[in-house]
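Visitor: My structure is below; once you've seen it, I'll send some questions.
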Amino acid sequence: MTRTHSAPHPATAPVTDAPPSGAWEELVTSALLGTQRRTPHGHEPGRDAPAALLDAAAVETVRRRAGLTPARAARRPDPAPGDDRPPLPDAAARRLTMLLTDRPGTAGGGRRGTAPDLMELLPQWLAAANARGFAAPPEALPALLDAARGRTDLRPAALAFAGPRALWLARLNQDWRFALRATPGGGTSLPGPDATERVRQLWQEGLFAERVALLASLRSRDPAAARELLASTWATERAEDRLMFLDSLRTGLAAADEPFLEQALADRSRNVRATAAELLSALPDSALAARMAARALTCVSLDRATDRPAITVEAPHECDAGMERDGVAPKPPAGRGERSWWFGQLVEAAPLGAWPARLGGRTPEEIVALPVTDDWQGELHAAWCRAAVRQRNAAWARALLGAPTAPEAGGPGAVSLAERAKLLGTLSGDERAEWVAGFIATHGLSEAFQLLGMCGVPWAPPLGRAVVDALNIARDAGSYPWSFSGVMGLAERCLDPSEAARLDALLAIPDEPEDASPGAGGYWAEAFQRLVTTLRLRATMTEELGPLREESGAP
């Protein structure tokens with residue numbers, strides 16, 4: 001609105017009454033509608049109304065800016081706690097800033113370029129820094145908490161590295177509250193072994209997430225105390241909470257847990273009963289394991305009537321109340337027959353040590369090699385696979401895995417590569433790497449991604465060589481590298497940095513055969529350049545952190 005006449009000088013302008021509550025909103029309404037339709041409060045319509053409106057707006061603006069009522073000052077936050085751990089070396093601190101803030105550029109057409117993906121190296125860097133016992137730089141804590149907020153897989157290592165100051169910050173910023181939920185007591189220190197009353201108070205009064213974290217922490221250091229704490233409130237817990245709490249007993253599971261788990265078999269919740277039964281079946285000497293063995297052994301026998309002995313199966317005809325109490329789910333999923341469903345659950349819960357006596361004193365390898373009549377082999381072997389994983393039985397896992405040169409669709413017992421990956425988890429790190437290296441040498445990389453994920457980092461030399469050789473073969477085949485992007489990404493994070501020198505020969509653009517995809521050689525050279533650059537960066541990162549110190553407790 002434009003003033004059409006000269007307004008009185010502010011010094012001589014008449015003093016008007018204070019505008020009522022909501023004056024600013026009234027002034028805005030007058031300006032929108034016009035002073036002819038809506039005259040400012042305390043003024044008459046006419047040619048002076050626009051000037052009065054502007055004067056009133058000026059007064060109200062000053063009033064809004066200066067007329068705040070003083071409020072009582074908030075209590076100052078407690079000082080941030082100290083951190084006695086040694087600070088990062090300067091070069092490592094700069095590297096952390098780069099890992100938290102830099103982002104690699106991405107080219108068009110699905111190409112990643114040659115720049116390393118720094119955020120993917122952050123978990124490895126955090127693990128190395130934690131192993132050396134360093135404290136996080138205070139100025140890096142906000143970015144570190146933001147990164148952990150966006151990636152749950154980073155949280156354990158990031159919070160361990162950030163230390164107590166991160167929890168102090170989390171109390172001041174709602175975006176970082178996850179750090180408090182991940183720490184028993186809302187960020188307070190965990191009660192020590194002798195602080196029985198503090199443990200019980202937190203267990204009785206804490207939030208659910210705090211109680212879960214407390215129980216898990218206590219279970220890791222004192223399994224019996226954790227079990228007794230859980231038993232003290234078990235009858236009053238909600239079913240979904242009982243299920244979560246019961247899962248914590250997987251840590252340090254032992255024969256002493258059997259009485260409590262046996263009681264849980266009578267729980268009102270079917271899921272709780274099933275979890276209790278699963279845990280008991282992982283204890284080969286438990287009473288439940290003996291009951292399941294008795295049932296399973298009656299279903300499987302050795303037929304000696306033929307020239308070559310074979311296994312015969314007679315699946316159960318009903319799921320009785322005793323089977324249900326011991327964790328057998330009576331209703332099969334869609335597409336599964338009832339008898340095969342019940343049979344598989346019995347076999348996977350039976351101790352694997354019971355089978356040699358039932359099947360003529362044979363070893364696991366000899367048992368797995370026996371033919372199974374009436375198309376029951378897949379069901380029987382799949383159940384044995386699940387039992388080997390549950391009971392962490394390496395001997396049976398080796399038998400079911402078979403040789404890595406076996407057909408890709410499955411070994412003598414595994415029905416899929418997913419089963420093989422789970423079986424590999426029961427073996428030592430070196431044995432795992434050797435088996436996967438043999439698989440890749442025979443079958444290439446197309447089916448190896450799940451298996452590689454089970455191997456320790458950095459990859460053992462035989463596995464690293466097998467992966468590089470397979471990538472080289474794929475390059476020579478003339479296809480694009482994008483179908484191997486998953487394996488290439490794993491290699492960037494998992495190959496031993498010492499392999500970088502051996503990869504230099506793959507950086508040149510090769511001569512493309514006539515049947516090669518156009519430009520594939522250039523794309524492969526780019527991918528190998530990124531791999532080499534990442535490996536050398538990882539080596540530099542380790543050097544910047546310095547050697548492991550014995551006092552850090554790292555191996």
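The values are calculated or read from the model by the stated rules, or taken from the named source; none is laboratory data. Keep in mind that this is a model prediction, so the values were computed, not measured. No Cβ is skipped: glycine too gets one built from the backbone with ideal geometry, and neighbour counts run over all protein chains shown. What goes into the accessible areas is simple: the full protein's heavy atoms, side chains included, and nothing from ligands, DNA or RNA. Shrake-Rupley method; radii C 1.70, N 1.55, O 1.52, S 1.80 Å.
Visitor: Of the residues that sit in the stretch 422-434 and are more than 23 Å from the chain's Cα centre (by Cα) and open to solvent by 80 Å² or more (accessible area, probe 1.4 Å), which one is nearest to residue 407 (Cα to Cα)?
Guide: 434
Visitor: Considering only the stretch 446-497, give the helices (runs of 4 or more DSSP H) lying wholly within it that have at least 1 residues that are under 25 Å from the mean Cα position of the chain (by Cα) and more than 22 Å from residue 422 (Cα to Cα).
Guide: 485-494
Visitor: Modelled with pLDDT under 95 and of a type outside the set (Gly, Ala, Ser) - does that describe any residue in the stretch 334-347?
Guide: Yes: the stretch 334-347 contains one or more residues that are modelled with pLDDT under 95 and of a type outside the set (Gly, Ala, Ser).
Visitor: Something else: Return the total of residues in the stretch 362-397 being assigned to a helix (DSSP H, G or I), under 17 Å from residue 296 (Cβ atoms) and not aliphatic (A, V, I, L, M).
Guide: Selection size over the stretch 362-397: 11.
Visitor: Pairs needed: first member in the stretch 54-79, part of a helix (DSSP H, G or I); second member anywhere, among the basic types (Lys, Arg); C-beta distance under 8 Å; at least 6 residues apart or different chains.
Guide: 54/3
Visitor: Restricted to the stretch 440-484, and to residues that are open to solvent by 30 Å² or more (accessible area, probe 1.4 Å), of a type in the set (A, V, I, L, M, F, W, C) and farther than 18 Å from residue 498 by Cα, which residue is modelled with the lowest pLDDT?
Guide: 477
Visitor: When you look at residue 437, is it crowded, with 18+ Cβ neighbours inside 10 Å, closer than 14 Å to residue 300 by Cβ and among the small types (Gly, Ala, Ser), yes or no?
Guide: The answer is no for residue 437.
Visitor: Let me ask something additional. What's the number of the only condition in (1) under 19 Å from residue 345 (Cα atoms); (2) out of contact with any Ser or Thr (no Cβ under 6 Å at 6 or more places or on another chain) that residue 379 fails to meet?
Guide: (2)
Visitor: What is the residue count in the stretch 329-363 for residues that are closer than 26 Å to residue 395 by Cα and not hydroxyl-bearing (Ser, Thr, Tyr)?
Guide: Qualifying residue count for the region: 22.
Visitor: Also: Among the numbered criteria (1) closer than 27 Å to residue 341 by Cβ; (2) open to solvent by 60 Å² or more (accessible area, probe 1.4 Å); (3) at pLDDT 95 or above, which one does residue 244 miss?
Guide: If we test residue 244 against (1) closer than 27 Å to residue 341 by Cβ; (2) open to solvent by 60 Å² or more (accessible area, probe 1.4 Å); (3) at pLDDT 95 or above, just (3) comes out false.
Visitor: Is it fair to say residue 365 is surrounded by fewer than 19 Cβ atoms within 10 Å (Cβ to Cβ) and acidic (Asp, Glu)?
Guide: yes
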